[in-house]
Amino acid sequence: MNNQAPVLELKNVYRSFKQGSQNLQVLREVNLELEKGEIVALTGPSGSGKSTLLQIAGLLEKPTKGDIYLDGQNCSKLGDTVRTTLRRDYLGFVYQYHNLLADFDALENVMIPQLIAGVKYKEAEEKAKWLLKKMGLERRFKHRPAEMSGGEQQRVAIARALANAPRLLLADEPTGNLDPKTSEIVFAELLAVVKETGLSALIATHNLDLADRMDRKIKLEGGKLIDMRAEKFVSDKNFY
């Protein structure tokens, strides 16, 4: 891969679905570049296609048309096995619901992705402890999901997403199920560990206060992606 290229690049991406006899166009002509270390907020109303865009960026879904590049490598036509390997080694995912393994404790939930990737047990354990400490969970190593609060469970999910040192974190409403106070705590810890590890992040959120704290905002509207910096510039020009 080319480390000088954007970490993520979407070129002219379209995604449509068959709905009865009609063709529902969810994404149209989407172009996006995400640079190394950049944290970008993906905003837009419910049903605007944010989750679909993240699924495509994460190689979980293929676009109807267009190309997806990770570090300069075109991943659009790769086979399932290669795409799975890229997801494991290159990408980290955080969803609105934590999806932790109920029969395993916090430490084990963060170790398992590493063990699957071939990391030795002791190394995986040390990395899991480091990440959980970063998320303020040093007292929860041996707690199973049912023994933790919603905020704690989501912090374990974030640590798990970072366990294999991804280049890119994709998060879909990572604090959407939390109360405002817990959401603030979890989001602050997420931003801190993302910045410390130097990875890039594309984070979908309805919370505009949280979005304002990221490096920049983009918005999905009518299937198209709008750079909020450009929109603000146009509004400022119109004002004057």
Considering only the range 105-122, how many residues are open to solvent by less than 80 Å² (accessible area, probe 1.4 Å) and in a loop (DSSP other than H, G, I, E, B)?
4
Quick check on the range 139-152. Is at least one of its residues under 27 Å from GLU38 (Cα atoms), more than 15 Å from the chain's Cα centre (by Cα) and assigned to a helix (DSSP H, G or I)?
yes
Restrict the check to the range 76-88 and report whether at least one residue is surrounded by fewer than 21 Cβ atoms within 10 Å (Cβ to Cβ) and in contact (Cβ under 8 Å) with a residue 40 or more places away in the chain.
yes
Look at ARG229 and say whether it is basic (Lys, Arg), modelled with pLDDT under 90 and touching an Asp or Glu at 6+ places or on another chain (Cβ under 8 Å).
no
In this structure, is GLU33 in contact with an Asp or Glu (Cβ under 6 Å, 6 or more places away or on another chain) and under 18 Å from PRO174 (Cβ atoms)?
no
Out of all the residues in the range 124-159, which are open to solvent by 60 Å² or more (accessible area, probe 1.4 Å) and touching a residue at least 60 places away in the same chain (Cβ under 8 Å)?
LYS134
Restricted to the range 167-203 and to residues being in contact with a Phe, Trp or Tyr (Cβ under 6 Å, 6 or more places away or on another chain) and not hydroxyl-bearing (Ser, Thr, Tyr), the residue most open to solvent (accessible area, probe 1.4 Å) is ARG167
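The values are calculated or read from the model by the stated rules, or taken from the named source; none is laboratory data. Everything numeric in this text was worked out from a predicted model, so none of it was measured. Glycine also receives a Cβ, built like all others from the backbone with ideal geometry; neighbour counts cover every protein chain displayed. With ligands, DNA and RNA removed, areas are computed over all heavy atoms of the protein, side chains included. Shrake-Rupley method; radii C 1.70, N 1.55, O 1.52, S 1.80 Å.
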